[in-house]
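Report on one structure; see the data block that follows.
The values are calculated or read from the model by the stated rules, or taken from the named source; none is laboratory data. All figures in this text were calculated on a predicted structure; none of them were measured in a lab. Note that we place each Cβ from the backbone using ideal geometry, even for glycine, and neighbour counts take in every protein chain shown. Accessible surface is based on the protein model in full, side chains and every heavy atom, while ligands, DNA and RNA are left aside. Shrake-Rupley method; radii C 1.70, N 1.55, O 1.52, S 1.80 Å.
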Amino acid sequence: MLTTTRQQAQASPKSRAQFKFFRRNMRMEARRRAPKSSRTTSSNDGGPLHPHHKQLAPSVDDRSLSPTPKASDALPLPLYLTNAIFFTLFFSVAYYLLHRWRDKIRNSTPLHVVTFAEIAAIVSLMASFIYLLGFFGIDFVQSFITRPSHDAWDLEDTANPSYLINEDHRLVTCPPPVNTPPIPKLPNPEPIITPLASVEDEEIVKSVTEGTLPSYSLESKLGDCKRAAVIRREALQRITGRSLEGLPVEGFDYDSVLGQCCEMPVGYVQIPVGIAGPLLLNGMEYMVPMATTEGCLVASTNRGCKAMYASGGATSVLLADGMTRAPVVRFETAKRASELKLFLEEPDNFDTLSIVFNRSSRFARLQGIKCSMAGKNLYMRFKCSTGDAMGMNMVSKGVQNVLDFLQSDFHDMEVIGISGNFCSDKKPAAVNWIEGRGKSVVCEAIIKEEIVKKVLKTSVASLVELNMLKNLAGSAVAGALGGFNAHASNIVSAIFIATGQDPAQNIESSHCITMMEAVNNGKDLHVSVTMPSIEVGTVGGGTQLASQSACLNLLGVKGASKESPGSNSRLLASIVAGSVLAGELSLMAAIAQGQLVKSHMKYNRSSRDISEAASS
């Protein structure tokens, strides 16, 4: 009989739709009565169920059998009567309200003035709408999720039906399918659990994974930075289920990064360091360390150093040295903001402001203040010398001192932020390109004609033409901001990482314009790089780490200069500019000669199976 009923339902689209609607109503009726019917073998009207089925099949969703109230439980009536009542209520009160609002509009009565009958009608409309939405809307949305096609309900019932409706219109379960293979379940990845050396460490790892002990507090709790890193690493592997094998943890001084370089360490990344040189700069030779994973970079810079060395070396000039910080403040009116601007730019007030600013450090010396307004907002760009430190913290403390001092005379000044991006730090900005930030350096060299041909494998005329069309015109077409060069950021980044500088400040530190010109009757090449915002330091931050300190020591600029404060950081900036000059020479020669792709394919593409070598 069940087969006959299903065949009848599938006979035509109309009958199938009727069967579908009837089956859904019976499902809802069964869900409403599930808690009661599960305790007996008969239905509510006393009719017998299927002889060998006494409850719904286990495949029915447990949520449908729970006593959670449904929309159809609004009235203790059969399902079709409940639906009819709420349908009638919805349309009748909607019709009544529309007529009432039409009369109010005709009589110019405010719509918000309502009678008790209208309030009752509005409440009834909302109640019936909520019921209809809960009864029909949810199922309608779910039908799109669970039934991607019009015939999906057939597949849903015939593939593995868990219950059907018999000829007496009662809900019965169907026997389990025969010879149906179980659906395989994908195994969850097992968490990586590596027993630690001690039971105490195991307990700490469990506390971190369970969330009872914050990972960031391991150093202070244990008093051992390396042990904290090992425990944090193990906890991370167990939480994520992913291995950190290949990320070394041994052989690093974790005490040196605590509180200044890195929080919550779990290891360290190995970056190879190559040496380019000797770089002959201002009559001195320097072997330049470069930390990079890009093939050809060190080799190319080394070739540029060779060409410069053979031609007598390069000369650098420091144009300016001053770190900047620009807070933003706000006033009630633009007039008040302009009054502070005039006060700060008045020469007679500079001495007083300098005394206040210079209290922050024995190396900080205020050099100038430039202001810019945007409506009633004022941006003040402080510039000061910072000794051998890069100086961001130093200048920030000085700015805070000045802001506190100004607050006494400008009570209505509201400090929005210690940095208003007029500095501008770690972002490409015209103010750094024009005004400079950090160290402003120009470096030049004259490369002899025979060296251009022998070492660089090209000609002076080719280099001059390429530089004009690529570095100058090409960058202008691209709308470059400080990017009038071939690859200055390559060299800057490599030296920054090797010497412990802030890699993010590569953005403004790589501002560079490369100039090439034929001199000595067109025989020799004059090449120069102008870099207005090289931001480096030899003390503080990552410069104190062992590897980075060794690279600074190789250059002879480690730590602070006692004889001339600031000379080490200025020399480092000059070495950066000289190295950029060497890199520009070599890359431009490779492009002019058409050797760029060939050299990268030769030196930057290894045929060795690195993964196999690493595993062995």
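Quick look at the values:
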quantity	calculated
Residue in segment 425-437 that is of a type in the set (Val, Ile, Thr) and either touching a Phe, Trp or Tyr at 6+ places or on another chain (Cβ under 7 Å) or closer than 25 Å to ALA589 by Cα (or both) present	yes
Complete set of residues in segment 527-573 that are of a type in the set (Ser, Thr, Tyr) and surrounded by fewer than 24 Cβ atoms within 10 Å (Cβ to Cβ)	SER528, THR530, SER547, SER549, SER561, SER564, SER567
Scan of segment 235-250 for residues that are over 23 Å from PRO503 (Cα atoms) and either among the β-branched types (Val, Ile, Thr) or loosely packed, with under 15 Cβ neighbours inside 10 Å (or both), ordered by number	ILE239, THR240, GLY241, ARG242, SER243, GLU245, GLY246, GLU250
Test set (1) within 27 Å of the chain's Cα centre (by Cα); (2) open to solvent by 80 Å² or more (accessible area, probe 1.4 Å); (3) not polar (S, T, N, Q) - LYS221 fails condition number	(1)
Pick from segment 200-248, criterion outside any helix (DSSP H, G or I) and of a type in the set (Gly, Ala, Ser), ranking: nearest to CYS262 (Cα to Cα)	GLY223
Failed item, numbered, when GLN367 is tested on (1) farther than 30 Å from LEU585 by Cβ; (2) under 35 Å from the mean Cα position of the chain (by Cα)	(2)
Extreme residue, surrounded by the most Cβ atoms within 10 Å (Cβ to Cβ), among residues of segment 302-315 that are hydrophobic (A, V, I, L, M, F, W, C) and outside any strand (DSSP E or B)	CYS305
Evaluation of GLU584 against (1) open to solvent by 20 Å² or more (accessible area, probe 1.4 Å); (2) farther than 28 Å from GLY391 by Cα; (3) at pLDDT 95 or above (one fails), failing number	(1)
Failed item, numbered, when MET380 is tested on (1) open to solvent by 20 Å² or more (accessible area, probe 1.4 Å); (2) closer than 13 Å to PRO327 by Cβ	(1)
Helices (runs of 4 or more DSSP H) enclosed by segment 62-178 - at least 3 residues per element that are open to solvent by 40 Å² or more (accessible area, probe 1.4 Å) and modelled with pLDDT of 75 or more	79-106, 116-132
Flag for GLN260 being outside any strand (DSSP E or B), within 30 Å of GLY368 (Cα to Cα), open to solvent by 60 Å² or more (accessible area, probe 1.4 Å) and not basic (Lys, Arg)	yes
Within segment 268-301, tally of residues that are in contact (Cβ under 8 Å) with a residue 60 or more places away in the chain and either outside any strand (DSSP E or B) or closer than 20 Å to GLU535 by Cβ (or both)	17
Segment 324-367: number of residues that are open to solvent by 10 Å² or more (accessible area, probe 1.4 Å) and either over 16 Å from SER396 (Cα atoms) or without any contact (Cβ under 8 Å) to a residue 40 or more places away in the chain (or both)	25
Residue identified as within 23 Å of the chain's Cα centre (by Cα), among the charged types (D, E, K, R) and crowded, with 16+ Cβ neighbours inside 10 Å among ARG232, ARG227	ARG232
Number of the exception - VAL402 against (1) in contact with a helix residue (DSSP H, G or I) (Cβ under 8 Å, 6 or more places away or on another chain); (2) open to solvent by 60 Å² or more (accessible area, probe 1.4 Å); (3) assigned to a helix (DSSP H, G or I)	(2)
